[in-house]
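The values are calculated or read from the model by the stated rules, or taken from the named source; none is laboratory data. Predicted model only: the values in this text are computed from it and were never measured. Cβ atoms come from the backbone with ideal geometry, glycine included; neighbour counts cover every protein chain shown.
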Amino acid sequence: MARSLGGARLEGWSLVSRRFVWVDLIRLAVGFGIPVTALGFLSGLTGWPLWWTAFGVVAAIGLTVLCFVPRRVRSIGYQLREDDLVFRRGVMFQRVVAVPYGRMQLIDVTRGPVLRAFGLSELRFVTAAATTAVVIPGLPEQEAQQLRDRLVAVAETRRVGL
Amino acid sequence: MSEALADGQWHRLHPLTPLLRGGIFVIAVLGVLIANLRDRIVEWLFGEAVERDLGVPGPPPDFIDYLTRRGLLTVAILVVSGVLVLLLVLGLVSWRMRTFRIGPDAVEERSGLLNRRHRQARMDRIQGVNVQRPFLARLLGLARLKITTAGQDADIDLAYLTTAQTEGLRLLVLQRAAGRRAEQDALSLAPEPGAEQGRPEPPGAQSTAEARSEADRRLTALRGAGRQAIARRLDDFLAPELDPGAAPVESVVRIPVLRLLGAIVLSTPLVVIVVATAVFAYLATHGMLWTVFLYGTVMLSAGSILLNRLIRTLRFSIAGTAQGIRIGFGLFSIVNDTLPERRIHAVEVRQPLLWRPFGWWTIRVNKAGEALAGSAQASTNTLLPVGDRQDVRRVLGLILPELGAEALEAVVRSGLPGRGTALAAPATTTATAARLDFRTLPRRAAVLRPFTWRRNGVAAVEAMVLLRHGILARSLSLFPLVRAQGAGVEQGVVQRVLGLATLRVHVVAGPVRTWVTGLDRAAAMQEFSALAERVREAVAAERRGRDSAA
């Protein structure tokens, strides 16, 4: 029996760029690198077993998460259906959300320094509900622009007030 | 009178505004003074020097003593009064620079001396208009008018105007916002009490207190009935509904005093207070008196929650008007909020465990266009503080008119209490009103929800989706599909192992519970697809309705 959500009944997902794996790896490496280095430094300095244990635990978690990055990036997908946008993400914690185009408040396309280095953009589909959190990271710039224009155009024809 | 303010010209707020706005600073200065001069005040009050025996010869270094010795007392007094005058002048300047304009299409506000700010709320974006009467302002016959818009932090706050002005403007703005032409006669048909008193004074005229008393004198001279004027002022002071002429509707619920007290007594904060007192009594008698600090903190926070709840329950009224649902509550400062139905995005009917023997329920909602939490002291999410099943029926009928009588009955009968059975077909596709078929959790979900797996579930009624929760503290969430922002399904590691999933209705933020955990995975996917489909249809139907209306 299939146990995961997996979007089995939903065919034809568009995925984010493979290059985004590197972006995610860099972000995680920085996020875990700083505490791991600090802990390693402290351990070497003091030689306390407690620090060494903390160092080991954090480093192990960091490495595990790093190994999962490619799968996690592959899990991010979206689908443009007739009247709504379906978005899914997550490996351990899976999430699928369907948002009608008419509910769009605004579309945000942002590019951080790391994303820009890889020629990628992040697209955010904002509704009145904060919980929808439709954030598509790692779209090639061109694709992000096109997707934004398309979403705006389609939302314009299906727009309803709050 | 209010039309005079809504003529599309720029107007100033009431001349007493700086005094009320600056009041908080004066209180702060007084607080600092009192904190520093505590001993002196005690001395002065009791005529006896307070023991200042710290084992040091001579008096301890008192701030005032220090100033007197240095001959700086005059300087200090000058500085303090200088700051006060400065604040007053600043208040006056900011009042002079602050103007507002109410046109046919928008409400605008200009303010600021150095940083000019121009804020505009378009009539078609206005979500609600709210009149607040804080205690101090109430004494002066003033009130503030708050115009809420869909954006965050884009509210226009007209503080302060006279009570009669705010009431007239509230009606006018709501009417214009509702796309109706302001019917002049609608206003003139309802001569408000205190209309004569509320006539806007030209800026720079004599102080309003005098103007008001003069107006009163004129009034009494004209009518030869002084008593009447006083009674009117008293009415104005005590009236929970600000404008009886414009809103002749009566509250659909009335909370008896006994129930009000019962609901306050049987609440979590009170249980906390009782338990904390018992624990403290034990600790104190066993030589741990120092825990009094902890105890005090607990008492203070629980007490303030309790007090807040009491104030929100006192003189509570809810009624339907042409402009939306009108909620009023409070004893000293009465808050009136008008909430158009379209701002209600989710509704939760809840019953805390302690209320169960009495069959009491409370109703809370998620609202759109909400100012961020904390800033919205006047705004409330509670549409029924405490009521029986009949009250629940009435309030639900008022705030969810799309729910037919039959469906409403089904909701009250099998949604509030009751346990359902699992279904073969998705619950969100069976839109029958006669009975509610909840799709509940499978037996294996008992690992996650040992007590509630047979009750928690999802159902569909007409244009709504329902989530049912809890066996001890019962709750039922209702979501009108035309307001839903999306549908979602989620699954964590534990749920994956068990083949379960969480279904979520995405709505604007608020206190209502928006998900149900532990549905069968396949069922959850089915419900998700059906819900997404129904939300899509609701959005499309709304669009069609709007297009044909336009």
Checklist outcome for this item: Residues of the stretch B:515-527 being farther than 15 Å from B:L478 by Cα and more than 7 Å from chain A (Cβ to nearest Cβ), in sequence order, are B:T517, B:G518, B:L519, B:D520, B:A522, B:A523, B:A524, B:Q526, B:E527
Checklist entry - On the given criteria, is B:L481 within 30 Å of the chain's Cα centre (by Cα), modelled with pLDDT of 90 or more and surrounded by fewer than 24 Cβ atoms within 10 Å (Cβ to Cβ)? => result yes
Checklist entry - Any chance the stretch A:24-45 includes a residue that's basic (K, R) and facing chain B (nearest Cβ under 10 Å)? => result no
Next on the checklist: Any residue that is surrounded by 12 or more Cβ atoms within 10 Å (Cβ to Cβ) and modelled with pLDDT of 55 or more - is there at least one of those in the stretch B:238-251?
Outcome noted: yes
Checklist outcome for this item: All-but-one check, B:T517 against (1) of a type outside the set (D, E, K, R); (2) within 23 Å of A:T127 (Cα to Cα); (3) under 31 Å from the mean Cα position of the chain (by Cα), failing number (2)
Next on the checklist: It is to be established whether one or more residues within the stretch B:280-288 are at negative phi, free of Cβ contacts under 8 Å to residues at least 24 places away in the same chain, in contact with a Leu (Cβ under 7 Å, 6 or more places away or on another chain) and assigned to a loop (DSSP other than H, G, I, E, B).
Outcome noted: no
Checklist outcome for this item: Taking the stretch A:77-99 and keeping residues of a type outside the set (A, V, I, L, M), crowded, with 17+ Cβ neighbours inside 10 Å and more than 26 Å from B:G499 (Cβ to Cβ) leaves A:D83, A:D84
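Output the number of residues of the stretch B:330-357 satisfying the condition of being among the polar types (S, T, N, Q), at pLDDT below 80 and in contact with a Phe, Trp or Tyr (Cβ under 6 Å, 6 or more places away or on another chain).
So the first thing to find is which residues in the stretch B:330-357 are among the polar types (S, T, N, Q), and the list is B:333, B:336, B:338, B:351.
Then keep just the ones that are at pLDDT below 80; that gives B:333, B:336, B:338.
Filter again for in contact with a Phe, Trp or Tyr (Cβ under 6 Å, 6 or more places away or on another chain), leaving B:333.
Adding up the residues that qualify gives 1.
Which members of the stretch B:493-503 meet the condition of being surrounded by fewer than 24 Cβ atoms within 10 Å (Cβ to Cβ) and either among the aromatic types (F, W, Y) or on the phi < 0 side of the Ramachandran plot (or both)?
Listed by number, the residues that qualify are B:V493, B:V494, B:R496, B:V497, B:L498, B:T502.
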Next on the checklist: When you scan the stretch A:83-97, do you find a residue that is within 13 Å of chain B (Cβ to nearest Cβ), in a strand (DSSP E or B), touching a His at 6+ places or on another chain (Cβ under 9 Å) and without any contact (Cβ under 8 Å) to a residue 40 or more places away in the chain, even just one?
Outcome noted: yes
Checklist entry - In the stretch A:48-56, is there at least one residue being in a helix (DSSP H, G or I), closer than 16 Å to A:P137 by Cβ and in contact with a helix residue (DSSP H, G or I) (Cβ under 6 Å, 6 or more places away or on another chain)? => result no
Checklist entry - Of these, B:V512, B:V535, B:V505, which one is assigned to a helix (DSSP H, G or I) and either more than 7 Å from every other protein chain (Cβ to nearest Cβ) or under 18 Å from A:Q105 (Cβ atoms) (or both)? => result B:V535
Checklist entry - How many of the residues in the stretch B:312-329 are modelled with pLDDT under 80 and among the aliphatic types (A, V, I, L, M)? => result 1
Next on the checklist: Residues that are within 26 Å of B:M525 (Cα to Cα), surrounded by fewer than 19 Cβ atoms within 10 Å (Cβ to Cβ) and touching a residue at least 60 places away in the same chain (Cβ under 8 Å): does the stretch A:66-76 have at least one?
Outcome noted: no
Checklist entry - If you check B:A487, B:A446, which single one turns out to be touching a strand residue (DSSP E or B) at 6+ places or on another chain (Cβ under 7 Å), among the hydrophobic types (A, V, I, L, M, F, W, C) and either assigned to a helix (DSSP H, G or I) or under 23 Å from A:A128 (Cα atoms) (or both)? => result B:A487
Checklist entry - If a residue has to be within 15 Å of the chain's Cα centre (by Cα) and in a loop (DSSP other than H, G, I, E, B) to count, how many in the stretch A:98-122 make the cut? => result 2
Checklist outcome for this item: Apart from one, (1) in contact with a helix residue (DSSP H, G or I) (Cβ under 6 Å, 6 or more places away or on another chain); (2) at pLDDT 65 or above; (3) within 21 Å of B:K367 (Cα to Cα); (4) surrounded by fewer than 23 Cβ atoms within 10 Å (Cβ to Cβ) all hold for B:D124; the odd one out is (1)
Checklist entry - Is the stretch B:430-437 home to any residue that is modelled with pLDDT of 90 or more and either within 14 Å of chain A (Cβ to nearest Cβ) or outside any strand (DSSP E or B) (or both)? => result no
Checklist entry - Looking only at residues in the stretch B:483-496 that are facing chain A (nearest Cβ under 7 Å) and hydrophobic (A, V, I, L, M, F, W, C), which one is nearest to A:V126 (Cα to Cα)? => result B:A487
Next on the checklist: Scan the stretch B:327-344 and tell me whether some residue there is out of contact with any helix residue (DSSP H, G or I) (no Cβ under 9 Å at 6 or more places or on another chain) and within 14 Å of another protein chain (Cβ to nearest Cβ).
Outcome noted: yes
Next on the checklist: Looking at the structure I just gave you, is B:T338 within 17 Å of B:R394 (Cα to Cα), in contact with a strand residue (DSSP E or B) (Cβ under 9 Å, 6 or more places away or on another chain) and touching a residue at least 24 places away in the same chain (Cβ under 8 Å)?
Outcome noted: no
